[in-house]
Structures are given as structure tokens and as C-alpha cells.
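Peer 1: Here you go, one structure.
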Amino acid sequence: MNAISTLGIDLGTSSAKAVVTDTGGRVLAQASAGYAVSSAKAGYAESDPGDWWSAVRACACEAVQAAVRAGGADGARPAAIGLSGQMHGLVLTSADGEALRPALLWADSRATGALAAYRRLDPAALARLANPLAPGMTGPLLMWVAEHEPGTYRDARWALAPKDWLRARLTGEIHAEPSDASASLLYDVPGDRWDLDVVGALGLDAALLAPVLPSAGAPAGHLTAAAAAELGLPAGIPVAAGAGDTAAAALGSGIGLGDVQLTVGTGAQVLRLLAAPASRADAGVNLYRSATPDGWYQMGATLSAGLSLNWVREVMNASWAELYASAGRPGRPHDPIFVPHLSGERTPYCDPGLRGSWTALSLADDRTSLLRGALEGTAFAIRDALDALLGEDRPGEDRPARLRLAGGGTLAAGWRQLLADVLGLPLYAVDVPAASGRGAALLGAHAAGLLSFDDIAGPLAPSAGLAAEPDPAMTAFHAERHARFRHIVSALRLTGEGAA
């Protein structure tokens, strides 16, 4: 084992994860700790940043101690920290980085009304944002606070992304970085800077936006003595700027130009890297900066993956094992169809008002058919996002020969097979246990001068092995059912269960 290690901290939606890697990129230890997402009203999604810190402290100490025990010496104690975190959302803070209210999260749809102001922007300004409009992004949420909580808005000094708040807690310094900033609807994405004209046109205070540092480069700060004491780490070690979780996962899983990768967690994302920015906002596809010095990526995102599956599991009092086991039962033409859009949907609909359903229920259905339907419907939502990303509406664009698979939500073999059948592509699982955390740790190592990006993209890139091959007969079976799924979604929107 190499003597020097780095700590990657991934601030997720419902849990924080800590990953310790050596300078060869090998994961030495990992740990996680959860926290609550509260919803005081329909469409609300908030978390207490104090809970985030408690979870970070717990999992970081656990992972570091495990790495030290495994290494048998303090050589496994991290020499640098890198960060990743849930994207979008809003943490309003005082000048010293203390949160003034609970964080508003990416899944929050209360700011839907603010999107009308975006639609009134000059077309050239909308083109610079290069992304479909979504209420859970920083800009709309900041407009909501300005209107509904003016006292908090006046008291705020900074409007931060979640992982940028965490970095402030670690270093005492306030910064933003491009991969999260480009996902805020306040950023000139092709120009790679805050769009001050858009900020002004929306009536927002540009002084709330933190200075932007590169995701990759020199340290964004150093661990304070107070934070070091809580984490059990040496004070003064470098802390990288970090990246949004999807960008960090792409780095950590070794995705390259030409690859298409699916990550399934609370939500699901399909992405591909680009050498230059190219917007497909009209198809509900996002365009963001990557974690590399000069890269970009397109992403199709569905809100309703693990989020909806967990709801089904809890409502039906089923274990995760029972849910995933239902994928092994052969599908039947009369099985009910599940629409998983319980909290709106992004790609391709960009419709925060869209809702879910179980359709075509009959007396022949049982618990297993409902559980399997939940998995199938989630796979259909991912198929919609993938088709939008790949430009299925643009004949002549090549479909990839395979799909890389990452994230903790796709470990069950039956679920992987169902995804392969619905998507019609072989799935190759990336051989990395915690892609976002590993990517964060690699960014920490780079900021500390321990790794170059040539190292990360070359010998440190993990392998990807075949996880599931689509069955042509099942792909055809699911194609017919997917067409019915799309028809049901259209009907829900027409009848008022979703409003663009």
C-alpha cells in the first residue's frame, strides 16, 4: 500500500460518504452516515446543514480509522481532502459560512413560479444558461427566498451549493467551482462564468455569488484547526475545490470521450463527456462543466429512481431484497405499468408538476407484480432520459454499443438485467465501489500535487466488466410496454397531473 492517502467526502442527498484512497486510486476504506430530508409541505425538500456536518464527522472518522487499522500505521492518515456533493439546491449563509436556514435541495419544487421570470429573459440570455429550467436549481430557489423570506435574503452573505458550504466549514474560506456553478441557472455556461446580466435581470444580488475557482488545480483552502480536531486529521492539510457529485463520479469511474454512463442512486443520470460545450436544453438535456480543467458533459436526469423505489418499498412494507428479487419474475403483457414521477420529472419533460401512477391494475395482479412494475417503470424513466441524451429524435446519430453502469443502486443482478432489457444495451459495471467519493479523493490528491490528470485518466481509470446483456425478446417486449408508458405519461399531463 502506498504510504500517502487522500480522503474524499461525498455529501449526498440522504447520506454522507467518506472514501479513503491511496495515491494509486485504490479504495482503502469507506463509511457512510445518513440524515433526514424533510418535507413540511408537498414539493418541499430540505435538510439541516448541521446534520450534514454531524454525518461527515462520523463517516470521515470511521473511514480514516479503518484505513489506519488496515495500513498498520499513520501513513494511511489522509494528506489531503477532496469533495463532491449533491448538485443544485441552495445553502444561504452568513459571512462566516453559518447556515441561516435549512438547505433547499435539488428535489424541491416550491420555486416553480420563479421559472416564469426565466421564460421572460432574452433568448440570448437563455441560450447562455444552456440548460432546461428546473425549480430545484439555485437561481429559482434564491428567487423564492427573496420573495417569501425577505428577512433571510437580506441577512444572507453567500448563496452556496451544498458541497461549497461543506468546504467553507472545513477551511473557513468561501468559494464556488464550475461544475456546480454551471448547474445553478445563474451561469454563462459557454462563457464559463457567472452571468451577471441574468442575475440582474432576475432581480437578484450578484454579491451573494462566491468567487469561482477551478474544480481542478491548487487547493481551495486548508483544514482549520477546529475542523481538524473534529475529524481527527492534521490541521493545515489541503482541501480541493471539488466537484458536483455527477462530475466527480465521472472522474472517479474513468469515463472517457465517447463513453455513455448511467448512474443510479436517489435519482438517475445518463451522461457523456464533450470536448466543447453543446446545448440540448430543448430536449431537456443538461450541459455542465466537468471536473477536469477544460471539459464538459451532457446529462439526462430523472428525479425518480431510488427515491420512488424507496417510496414503493416503504408503502408496501417490502425489503430491498424483496423488491429486487421481483425483477426475476418474467414480465407479463397484462402487468400494471408504474409511472415513477412522484415529485415531477426533469429529462425529457422538465415538468415539476408531473405525478405518478399505477395503471391497468386487475385482480390477477399481486404484490410481486406491483414491485416488479416499480422497477420496470423506473427503467422506463431512465430510458426516456437516455433517448433524449442520445438524440433519438435526430436520425443518423449513432447509438453507443454499450452503456457503462455506476452507482450503488444497480448492484442486484435481476435489476441489472431488467435495465439492460429495457435500455436495449449491454451494461458494463464500473469496478469502483464509490465513484463520487473516489473522484473527490482524486481531486484532493491532484490539489496536493500527488497526482496529475494524466495519471487519473490513464493507469488509475477503473475497468468495466460485462454486467448484463439484453435479451432481444425481452427488449422487444419492453419496447411495446414503454410505448404504453409514454402514452400514460402524456395522458397524465393532459389531465392536469403535470403542467409544464
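Peer 1: Being under 14 Å from the mean Cα position of the chain (by Cα) and either of a type outside the set (Gly, Ala, Ser) or under 18 Å from Leu160 (Cβ atoms) (or both) narrows it down to one residue among Leu251, Leu309, Leu196, Leu208; which is it? Walk me through it before giving the result.
Peer 2: Working: Leu309 fails: under 14 Å from the mean Cα position of the chain (by Cα); Leu196 fails: under 14 Å from the mean Cα position of the chain (by Cα); Leu208 fails: under 14 Å from the mean Cα position of the chain (by Cα).
That would be Leu251, the only listed residue that is under 14 Å from the mean Cα position of the chain (by Cα) and either of a type outside the set (Gly, Ala, Ser) or under 18 Å from Leu160 (Cβ atoms) (or both).
Peer 1: Exactly one of (1) in a loop (DSSP other than H, G, I, E, B); (2) within 28 Å of Ser308 (Cβ to Cβ) is unmet by Leu121. Its number?
Peer 2: Of (1) in a loop (DSSP other than H, G, I, E, B); (2) within 28 Å of Ser308 (Cβ to Cβ), only one is false for Leu121: (2).
Peer 1: Quick check on Val68: is it touching a residue at least 24 places away in the same chain (Cβ under 8 Å), touching a helix residue (DSSP H, G or I) at 6+ places or on another chain (Cβ under 9 Å) and open to solvent by less than 30 Å² (accessible area, probe 1.4 Å)? Break it down stepwise before answering.
Peer 2: Values: touching a residue at least 24 places away in the same chain (Cβ under 8 Å): no; touching a helix residue (DSSP H, G or I) at 6+ places or on another chain (Cβ under 9 Å): yes; open to solvent by less than 30 Å² (accessible area, probe 1.4 Å): yes.
For Val68, the condition - touching a residue at least 24 places away in the same chain (Cβ under 8 Å), touching a helix residue (DSSP H, G or I) at 6+ places or on another chain (Cβ under 9 Å) and open to solvent by less than 30 Å² (accessible area, probe 1.4 Å) - is not met.
Peer 1: Filter segment 430-450 down to the residues that are open to solvent by 20 Å² or more (accessible area, probe 1.4 Å) and among the hydrophobic types (A, V, I, L, M, F, W, C), then identify the one that is farthest from Ile81 (Cα to Cα).
Peer 2: The qualifying residue farthest from Ile81 (Cα to Cα) is Val432.
Peer 1: Among the residues of segment 130-154, which ones are touching a Ser or Thr at 6+ places or on another chain (Cβ under 7 Å), of a type outside the set (Gly, Ala, Ser) and at pLDDT 95 or above?
Peer 2: Let us first name the residues in segment 130-154 that are touching a Ser or Thr at 6+ places or on another chain (Cβ under 7 Å), namely 130, 135-139, 145.
Imposing the further condition that a residue be of a type outside the set (Gly, Ala, Ser) reduces the set to 135, 137-138, 145.
Matches in segment 130-154: Met137, Thr138, Val145.
Peer 1: Here is a further query. Having 1 or more residues that are open to solvent by 30 Å² or more (accessible area, probe 1.4 Å) and either of a type in the set (Val, Ile, Thr) or farther than 27 Å from Ala220 by Cα (or both) is the bar; report the helices (runs of 4 or more DSSP H) wholly within segment 124-177 that clear it.
Peer 2: 138-148, 150-155
Peer 1: Of the residues that make up segment 389-411, is at least one in contact with a His (Cβ under 8 Å, 6 or more places away or on another chain) and either more than 30 Å from Ala114 (Cβ to Cβ) or surrounded by fewer than 24 Cβ atoms within 10 Å (Cβ to Cβ) (or both)?
Peer 2: First, the residues of segment 389-411 that are in contact with a His (Cβ under 8 Å, 6 or more places away or on another chain): none.
No; the residues of segment 389-411 include none that is in contact with a His (Cβ under 8 Å, 6 or more places away or on another chain) and either more than 30 Å from Ala114 (Cβ to Cβ) or surrounded by fewer than 24 Cβ atoms within 10 Å (Cβ to Cβ) (or both).
Peer 1: Follow-up question, since we're still on this one. Would you check which residues across segment 352-386 are in a helix (DSSP H, G or I) and of a type in the set (Ser, Thr, Tyr) and list them?
Peer 2: Within segment 352-386, the subset in a helix (DSSP H, G or I) is 367-386.
Listed by number, the residues that qualify are Thr368, Ser369, Thr378.
Peer 1: OK, next. Among the residues of segment 283-303, write down those that are surrounded by fewer than 14 Cβ atoms within 10 Å (Cβ to Cβ) and of a type outside the set (Asp, Glu). If you could, list the steps in order and put the result at the bottom.
Peer 2: At the first step, the residues of segment 283-303 found to be surrounded by fewer than 14 Cβ atoms within 10 Å (Cβ to Cβ) are 293-294.
Pro293 - this is the single residue of segment 283-303 that is surrounded by fewer than 14 Cβ atoms within 10 Å (Cβ to Cβ) and of a type outside the set (Asp, Glu).
Peer 1: Tell me, which residue of segment 459-477 that is among the aliphatic types (A, V, I, L, M) and modelled with pLDDT under 75 is farthest from Asp335 (Cα to Cα)? Even if it seems obvious, please write down each step before you answer.
Peer 2: Quick first cut of segment 459-477, residues among the aliphatic types (A, V, I, L, M) only: 460-461, 464, 466-468, 473-474, 476.
Now narrow it down to the ones that are modelled with pLDDT under 75: 460-461.
On the way: Leu460: 45, Ala461: 41 Å.
It comes out as Leu460.
Peer 1: Also, quick follow-up: Quick one: count up the residues across segment 304-352 that are among the aliphatic types (A, V, I, L, M) and open to solvent by 10 Å² or more (accessible area, probe 1.4 Å). Before the answer, list the steps.
Peer 2: Applying the first criterion (among the aliphatic types (A, V, I, L, M)) to segment 304-352 yields 305, 307, 309, 312, 315-316, 318, 321, 323, 325, 327, 337, 339, 342.
If we keep only those that are open to solvent by 10 Å² or more (accessible area, probe 1.4 Å) too, we end up with 307, 315-316, 321, 325, 327, 342.
Selection size over segment 304-352: 7.
Peer 1: Looking at Ser54, Ser47, which is the one that is in contact with a helix residue (DSSP H, G or I) (Cβ under 9 Å, 6 or more places away or on another chain) and among the polar types (S, T, N, Q)?
Peer 2: Values: Ser54 fails: in contact with a helix residue (DSSP H, G or I) (Cβ under 9 Å, 6 or more places away or on another chain).
So the residue among Ser54, Ser47 that is in contact with a helix residue (DSSP H, G or I) (Cβ under 9 Å, 6 or more places away or on another chain) and among the polar types (S, T, N, Q) is Ser47.
Peer 1: Here is a further query. Please go through segment 215-228 and pick out each residue that is modelled with pLDDT under 95 and farther than 19 Å from Trp158 by Cβ.
Peer 2: Those that are modelled with pLDDT under 95 and farther than 19 Å from Trp158 by Cβ: Ala216, Gly217, Ala218, Pro219.
Peer 1: Among the residues of segment 10-37, how many are closer than 18 Å to Trp165 by Cα, open to solvent by less than 20 Å² (accessible area, probe 1.4 Å) and among the charged types (D, E, K, R)?
Peer 2: 1
Peer 1: I'd like the residue in segment 241-273 that is modelled with pLDDT under 90, within 23 Å of Ser304 (Cα to Cα) and part of a loop (DSSP other than H, G, I, E, B) and, out of all such residues, is least open to solvent (accessible area, probe 1.4 Å).
Peer 2: Looking at residues that are modelled with pLDDT under 90, within 23 Å of Ser304 (Cα to Cα) and part of a loop (DSSP other than H, G, I, E, B), I get Gly267.
Peer 1: While we're looking at this one, here's another question. So which pairs qualify, if the first residue must be in segment 425-447 and touching a residue at least 12 places away in the same chain (Cβ under 8 Å), the second must be among the charged types (D, E, K, R) and assigned to a helix (DSSP H, G or I), the Cβ gap must be under 7 Å, and the two must be at least 6 apart or on different chains?
Peer 2: These pairs meet every condition: Leu427/Arg416; Val432/Arg438; Ser436/Asp245.
The values are calculated or read from the model by the stated rules, or taken from the named source; none is laboratory data. Because the structure is predicted, anything quoted here is derived from the model rather than measured. A quick note on method: Cβ atoms are made from the backbone with ideal geometry, for glycine too, and the neighbour counts reach across all protein chains shown. The protein model used for the area step is the full one, side chains on, heavy atoms only, and it has no ligands, DNA or RNA in it. Shrake-Rupley method; radii C 1.70, N 1.55, O 1.52, S 1.80 Å.
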